[in-house]
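Student: The structure that follows is given in the form of structure tokens.
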């Protein structure tokens, strides 16, 4: 009897999955059709405005009259503001490349199907956010990452507010910066996975308060899903306070992750206050242990990240070996920095190069 119930549950589950898949396909098709229709409406509005360009107020009157006609015919959704958004949508995406045209390479990583010209694969709500990003390279980056990582509109907004693009630009040369707008974030070597600073505003700790490393760790664990999103592509959680032992001495690594793309372990140690050379030395010991005792032959070398409140670049430079590819020190911030703050960091780093 139990076997029969078990078989029935499996059968029911398969039907539910089939219907859910069909519903998702319908929603995607409806969404793509709607967004493309809005794009075409925007195009028609622009072309009509250009036909009447000798009259300065023609565009405003056109949208008002069109809003009345469409609202009477189709109901809500065609206010003057919404029509203006459609007009702006075409202005932003009509002359620049759409996602389907700018990154066949990025898309082929997640789907094998070919995308048609002018096929919009994000929701209208996504595009309402994206088309307000003035920098075209930055806009393309967020567009690709939204698709590749299946970001909700809220997550897109959070990543934009945390200045993800600006933070990645900080640690990349000109060619790599260009690649961000063409392919999104591609992980090919350990440094590609590192951000500086990391933004941990989601843990809810105030900027100017005292807290311990264990408190910081607990807050991160409590918001693990958000922390994984901040870490980036391919990260999975392995352990916290992972104990390793040498003879009669025991050490604990704060957080252990694995990156499926880089195929390596990622060890994270949390430090309150100024980074010291001993912190980097300790992380080097953790990394060496994992490389010699834990990692498999087919896996790549372990990455170690020391997350600290403040760091001295000289301490990092002179403590770590030249051509270091395994140990990284990154700052963290518990509040969202402004873009101006991040641009100052960029200017300071460029001046040191």
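Student: Any idea which of (1) out of contact with any helix residue (DSSP H, G or I) (no Cβ under 6 Å at 6 or more places or on another chain); (2) under 24 Å from residue 329 (Cα atoms); (3) touching a residue at least 24 places away in the same chain (Cβ under 8 Å) is the one residue 210 doesn't satisfy?
Tutor: (3)
Student: Then there is this: Any idea how many residues of the stretch 265-286 are surrounded by fewer than 17 Cβ atoms within 10 Å (Cβ to Cβ) and within 11 Å of residue 310 (Cα to Cα)?
Tutor: 4
Student: Please note which helices (runs of 4 or more DSSP H) are completely contained in the stretch 1-109 and include at least 1 residues that are at pLDDT below 75 and surrounded by 12 or more Cβ atoms within 10 Å (Cβ to Cβ). Can you show your working first?
Tutor: Values: elements: 2-51, 58-74, 80-93, 99-102, 104-108.
Those helices (runs of 4 or more DSSP H) span 2-51, 58-74, 99-102, 104-108.
Each row is one residue, and each column tells you yes or no for (1) loosely packed, with under 14 Cβ neighbours inside 10 Å; (2) in contact with a strand residue (DSSP E or B) (Cβ under 7 Å, 6 or more places away or on another chain); (3) on the phi < 0 side of the Ramachandran plot.
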| residue | (1), (2), (3) |
| --- | --- |
| 160 | no, no, yes |
| 227 | no, no, yes |
| 243 | yes, yes, yes |
| 246 | yes, no, yes |
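Student: Pairs under 7 Å by beta carbon, first residue under 16 Å from residue 37 (Cα atoms) in the stretch 67-78, partner in a helix (DSSP H, G or I), six or more apart or different chains?
Tutor: 67/80; 67/83; 78/67; 78/70; 78/71
Student: Something else now. If you check residue 231 against the conditions, is it touching a helix residue (DSSP H, G or I) at 6+ places or on another chain (Cβ under 7 Å), buried (at least 16 other Cβ atoms within 10 Å of the Cβ) and in contact (Cβ under 8 Å) with a residue 12 or more places away in the chain? It would help to see each step written out before you state the result.
Tutor: Details: touching a helix residue (DSSP H, G or I) at 6+ places or on another chain (Cβ under 7 Å): no; buried (at least 16 other Cβ atoms within 10 Å of the Cβ): yes; in contact (Cβ under 8 Å) with a residue 12 or more places away in the chain: yes.
For residue 231, the condition - touching a helix residue (DSSP H, G or I) at 6+ places or on another chain (Cβ under 7 Å), buried (at least 16 other Cβ atoms within 10 Å of the Cβ) and in contact (Cβ under 8 Å) with a residue 12 or more places away in the chain - is not met.
Student: Does the stretch 199-216 hold any residues that are crowded, with 17+ Cβ neighbours inside 10 Å and at pLDDT 85 or above, and which are they?
Tutor: Across the stretch 199-216, the qualifying residues are 199, 200, 216.
Student: Next question. Among the numbered conditions (1) surrounded by 15 or more Cβ atoms within 10 Å (Cβ to Cβ); (2) under 22 Å from residue 331 (Cβ atoms); (3) without any contact (Cβ under 8 Å) to a residue 40 or more places away in the chain, tell me where residue 193 comes up short.
Tutor: For residue 193, the failing item is (3).
Student: Among the residues of the stretch 138-148, is there at least one that is surrounded by fewer than 16 Cβ atoms within 10 Å (Cβ to Cβ) and outside any loop (DSSP other than H, G, I, E, B)? Please lay out each step first, then the result.
Tutor: If we filter the stretch 138-148 for residues that are surrounded by fewer than 16 Cβ atoms within 10 Å (Cβ to Cβ), which is where we start, we get none.
Checking the stretch 138-148: not a single residue is surrounded by fewer than 16 Cβ atoms within 10 Å (Cβ to Cβ) and outside any loop (DSSP other than H, G, I, E, B).
To keep it simple, each residue is scored yes or no on (1) in contact with a helix residue (DSSP H, G or I) (Cβ under 7 Å, 6 or more places away or on another chain); (2) assigned by TED's automatic domain parsing to the domain that holds residue 329; (3) in a helix (DSSP H, G or I); (4) closer than 24 Å to residue 139 by Cβ.
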position: 166; (1), (2), (3), (4): yes, no, yes, yes
position: 169; (1), (2), (3), (4): yes, no, yes, yes
position: 178; (1), (2), (3), (4): no, no, yes, yes
position: 196; (1), (2), (3), (4): yes, yes, no, yes
position: 205; (1), (2), (3), (4): yes, yes, no, no
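The values are calculated or read from the model by the stated rules, or taken from the named source; none is laboratory data. Here the structure is a predicted model, which is why all the values come from computation and not from measurement. Cβ sites come from the backbone with ideal geometry, for glycine too, and all protein chains shown count toward neighbours.
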